[in-house]
Amino acid sequence: MNINFEILQYYIYKKIIKKKQRETILEDCERLNLTVEKYMLVKNYCTEVQALPALGEFYNLPYAEVDMFDIDDDIADRFSTAFLKKVKMVPLYKTEDGTLLVATGRPTDFNAVSMVSAFYTGKIEFIYVPPTQIDVLMDSITAVRSTTSALQTLQTENDKQILRAAKENGLSTVDSEEGVINAPAVRLVDSIIKEAIPFRASDIHIEPLEKSVKVRYRIDGDLQERAMFPLESYPAICARLKILSGINIAERRIPQDGRINMAINGTEYDFRVSTLPTVHGEKFVIRVLDKTSFRFNRQDLGFTAYENSIIDKILVHPHGIVLLTGPTGCGKSTTLYSFLKELNSPKVNIITVEDPVEYTLEGISQVHVNTKANLTFATALRSILRQDPDIIMIGEIRDEETASIAVRAAITGHLVFSTLHTNDASGAVSRLMDMGVSSYMVTDALVAVISQRLVKRLCPVCKKRGKTTPAEMQLLGLNEPVSIFKPAGCQFCNQTGYKGRIAIHEILYLDSKLKSKIKEGMKADDIRKIAIENGMIELQSSCKEYVLKGLTSMSEFIEINVD
């Protein structure tokens, strides 16, 4: 039996691939010596979650995502995390009749099944889960254990006495790099950074208070407290972070910036470090960037079928400027990267200028802004225009000079992508003119403006259905009650009621009617009215649809309306 062929049959049945693709995939799998499961992921035919039902049925096993289970720590502790990660299995819990439930990512690895069975004499039942979810689970368990252990070590009386003695003798707790390397704080710093990865944190906050130091992670847009440790140990923590990020250890009076490059579980991460002097000491904020894992496409980013039809029209333009607007952290750069990835081919020359380069895209020339060397957006853009580009991406239009050069580049035959800080799509037109770009230049250059926000996605495990209240009906513009979902809280979502985020958009596509009105000096509110008449869906309307579909909550809808 050709197992690759049989699995592909299920992929066809589940409409993940088309029948005509089967032979090509089989040939590639044989040539590259890859399993179908791995090949499908590498070629971006589907994600592990999308393939889960097909593979579950193929292996004749119940299937689920591993996060949906409560794991019995006592049982899991009997196994080495390295062993479980290697065999892609994790014991979950024992049922009332004594059956051990085990999640597996490799049901046909009979050696691994035998090894796990040897540890338990009772009945074992298996559930199929995506293999990488087991890796993430094991990494998070390892990171949590490491942080807990480091905190316990740091808080021992012996360490406190050493720190107090050093202070009383007039010595700095760490006078050199060697002192930091030998300090117990090293393990804590490394654990805090590494633990952020499996928790999907976008930022790490380490802030000194009056008597302690607090560590918080920003997850799905919200800060969540992770740890507290004694203020006495903070000088060692600061020094360790500064050494890792190349920041001056002796300077504590001014803000500083640095960067840490670290490989975690085989993946390279870039951590941008920022310090800020406060009354209790220096506060650190660390932005987490996985520079090598950009796999997003438009569907992943939340574009609807209607929005995709407009994006298709935008991306076929040979020249012009396309702007992404929204507040900091709303995913503007991620959306731009997805466009560049789609347009990237051997036939086009794509160059970006960014501050910083967040993701590395193969086949694209990416320039990092360096203000100390006078390499600003404007100066880099002038040089880029001499590099025969077809497509240019500017990380952000911050000043008049950059705006002017970007618009001129768009008019002279280049397709330009950039971001701008405005509240909505129509406001971008006024902002460009405020920056000194004339109205006729704006209308000649501007193709479209996409305004974007991120809303929290309701946890699929614990969200609760309920009828809309009269107040909610009024906000949603409904005449009668409907069922919507509300957040609850469970282990899967860390008791927040939400798991992940999804983008909502409004797309202002400039047709000839809108362009003529802009030339006449029409204001943003009037531009917005005409755009809505032309079919533009507002941010609030997009969020409303997500509420009615059960993807997000009323609180997120209210927040978008307030914004």
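The values are calculated or read from the model by the stated rules, or taken from the named source; none is laboratory data. Just so you know, these numbers come straight off a predicted model, no measurement behind them. So basically every Cβ, Gly included, is an ideal-geometry build from the backbone, and we count neighbours across all protein chains shown. Each accessible area value is taken on the protein alone, full model and side chains, heavy atoms only, with ligands, DNA and RNA left out. Shrake-Rupley method; radii C 1.70, N 1.55, O 1.52, S 1.80 Å.
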Quick one: in the range 458-488, of everything that is assigned to a strand (DSSP E or B) and surrounded by fewer than 21 Cβ atoms within 10 Å (Cβ to Cβ), which residue is farthest from the chain's Cα centre (by Cα)?
Lys467
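Scanning for something among the charged types (D, E, K, R), surrounded by 21 or more Cβ atoms within 10 Å (Cβ to Cβ) and touching a Phe, Trp or Tyr at 6+ places or on another chain (Cβ under 8 Å), does the range 339-351 turn up at least one residue?
no
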Looking at Thr402, is it open to solvent by less than 10 Å² (accessible area, probe 1.4 Å) and either in contact with a helix residue (DSSP H, G or I) (Cβ under 8 Å, 6 or more places away or on another chain) or of a type in the set (Ser, Thr, Tyr) (or both)?
yes
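Just name the residue that is farthest from Leu340 (Cα to Cα) out of those in the range 361-378 that are part of a helix (DSSP H, G or I) and open to solvent by less than 40 Å² (accessible area, probe 1.4 Å). Don't jump to the end; show me each part of the working.
To start, the set of residues in the range 361-378 that are part of a helix (DSSP H, G or I) comprises 371-373, 377-378.
Still in the running and open to solvent by less than 40 Å² (accessible area, probe 1.4 Å): 377-378.
Details: Phe377: 18, Ala378: 21 Å.
Among them, the one singled out is Ala378.
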List the pairs whose first member sits in the range 78-98 and is in contact (Cβ under 8 Å) with a residue 12 or more places away in the chain and within 22 Å of Tyr63 (Cβ to Cβ), whose second member is surrounded by fewer than 20 Cβ atoms within 10 Å (Cβ to Cβ) and among the hydroxyl-bearing types (Ser, Thr, Tyr), and whose Cβ atoms are under 7 Å apart, counting only residues at least 6 apart or on separate chains?
none
Restricting to the range 3-43, what's the tally of residues that are in contact (Cβ under 8 Å) with a residue 24 or more places away in the chain and either surrounded by fewer than 11 Cβ atoms within 10 Å (Cβ to Cβ) or aromatic (Phe, Trp, Tyr) (or both)?
3
Conditions (1) part of a helix (DSSP H, G or I); (2) open to solvent by 30 Å² or more (accessible area, probe 1.4 Å); (3) aliphatic (A, V, I, L, M): number failed by Ala54
(2)
Tell me which residues, restricted to the range 405-428, are among the charged types (D, E, K, R) and either open to solvent by less than 10 Å² (accessible area, probe 1.4 Å) or closer than 30 Å to Glu559 by Cβ (or both).
Asp424
Looking at Ile193, is it β-branched (Val, Ile, Thr) and over 19 Å from Pro277 (Cβ atoms)?
yes
Which one of these is in contact with a helix residue (DSSP H, G or I) (Cβ under 6 Å, 6 or more places away or on another chain) and of a type in the set (Phe, Trp, Tyr): Tyr45, Tyr59, Tyr63?
Tyr63
Residue that is in a helix (DSSP H, G or I), β-branched (Val, Ile, Thr) and free of Cβ contacts under 8 Å to residues at least 40 places away in the same chain, where the choices are Ile558, Ile518, Ile530:
Ile530
Need the failing condition index for Val288 against (1) closer than 24 Å to Thr47 by Cβ; (2) part of a strand (DSSP E or B); (3) open to solvent by 50 Å² or more (accessible area, probe 1.4 Å), just the number.
(3)
